[in-house]
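The values are calculated or read from the model by the stated rules, or taken from the named source; none is laboratory data. Everything numeric here is computed off the predicted structure, so don't read it as measured data. Neighbour counts are summed over all protein chains in view; Cβ atoms, including those assigned to glycine, are modelled from backbone coordinates with ideal geometry. For the accessible areas, the whole protein counts, side chains as well, though only heavy atoms, and no ligand, DNA or RNA atoms are used. Shrake-Rupley method; radii C 1.70, N 1.55, O 1.52, S 1.80 Å.
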Amino acid sequence: MALPWDFHPIEGERVRLDLLRDDDLDDLYALQSDPEVCRYLLYEPRSRERVAHVLARDAAAARLESPHDYLQPAIRDRDGRFLGTMYFELHSVDPDRTAEIGWILAPHAQGEGYASEAARLLLGLAFEELGLHRVYAELDPRNGASVALCERLGMRHEGHFVEHMWLKGEWTDTGHYAILEHEWAARRA
Ligand SMILES: CC(C)(COP(=O)(O)OP(=O)(O)OC[C@H]1O[C@@H](n2cnc3c(N)ncnc32)[C@H](O)[C@@H]1OP(=O)(O)O)[C@@H](O)C(=O)NCCC(=O)NCCS
């Protein structure tokens, strides 16, 4: 495996993955305080103070080396405008080589394929650069846009955990999706 991996911006055709910066606070606060955006996330809409804390923490997460190291890069368009954030966390290094992926787009950036492109950039990093074996996503199965994104990426539906957790005042199901290195390679061929 090509670890440690130190963050560098990742360029796609229409999006760029870049570390969060202090001047993302307004955009990140708008994103993480929006009840619609947060509806299927694990957290409730956040205060500006909480987002400022999270931004400082996540902007410093720039190295993948050990289990639980993570990245939370900004998704920006070619003009540098903030579109949302991606999430990528190493869960196992040796021998399982597994990571989790996640995504959040600002409402104005949804429906344009930006999350698909950003996710493909991270799957490329995972399989082609880091040499991971499996990348998975967990989601609320009611989150149709996120389910559709997993399917668009070629992630298999691996499981549906019924009333898996008590969240935001109700029992909530969790869906598991995953893609393996050889499945990614077959899609790229
Ligand atoms: C989940 C989420 C990131 C999906 O965003 P999205 O914009 O639907 O996802 P994509 O980037 O894959 O875009 C796909 C849509 O763009 C359209 N599109 C337009 N141009 C496109 C292009 N060049 N390439 C691909 N899709 C394109 C697709 O047709 C599709 O639209 P549709 O859903 O109306 O069919 C978004 O709904 C979100 O941020 N939700 C709130 C946070 C959240 O719940 N995160 C997930 C937690 S598990």
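Table for the structure above
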| quantity | calculated |
| --- | --- |
| Gaussian network model of the chain, springs between alpha carbon atoms under 10 Å - residue of T172, T98, T85 with greatest fluctuation | T172 |
| Computed label-point distance, nm, for sites W166 and R14 using a 7 Å Cα→Cβ extension | 4.3 nm |
| Relative compactness, segment 5-75, computed as alpha-carbon Rg over 2.2 N^0.38 Å | 1.18 |
| The chain - accessible surface per residue (Å², probe 1.4 Å) | 50 Å² |
| Taking the chain and dividing mean pair separation by its residue count, relative contact order in percent (alpha carbons under 8 Å, at least six apart) | 18 percent |
| Ratio Rg/Rh [Cα only; Rh per Kirkwood] for segment 5-135 | 0.95 |
| Area of V147 that stays accessible when all protein chains are in place (1.4 Å probe, Å², to 10) | 30 Å² |
| For W103, distant residues with modelled amide H under 5 Å away | Y87 |
| Mean Cβ count within 10 Å, highest first, over the residues of peptides 72-80, 120-128 | 120-128, 72-80 |
| Apportionment of accessible area to carbon and sulfur, the chain, percent (1.4 Å) | 49 percent |
| For segment 49-80 and segment 100-176, distance of Cα centres in Å | 18 Å |
| Additional length obtainable on full extension of the chain from D94 to L25, 0.36 nm per residue less Cα span | 21.3 nm |
| Efficiency of FRET from Cβ geometry, E36 and E65, R₀ 41 Å, rounded to 0.05 | 0.70 |
| Student exercise, segment 66-138 dipole from Lys, Arg, Asp, Glu Cβ charges, in Debye to nearest 20 | 200 debye |
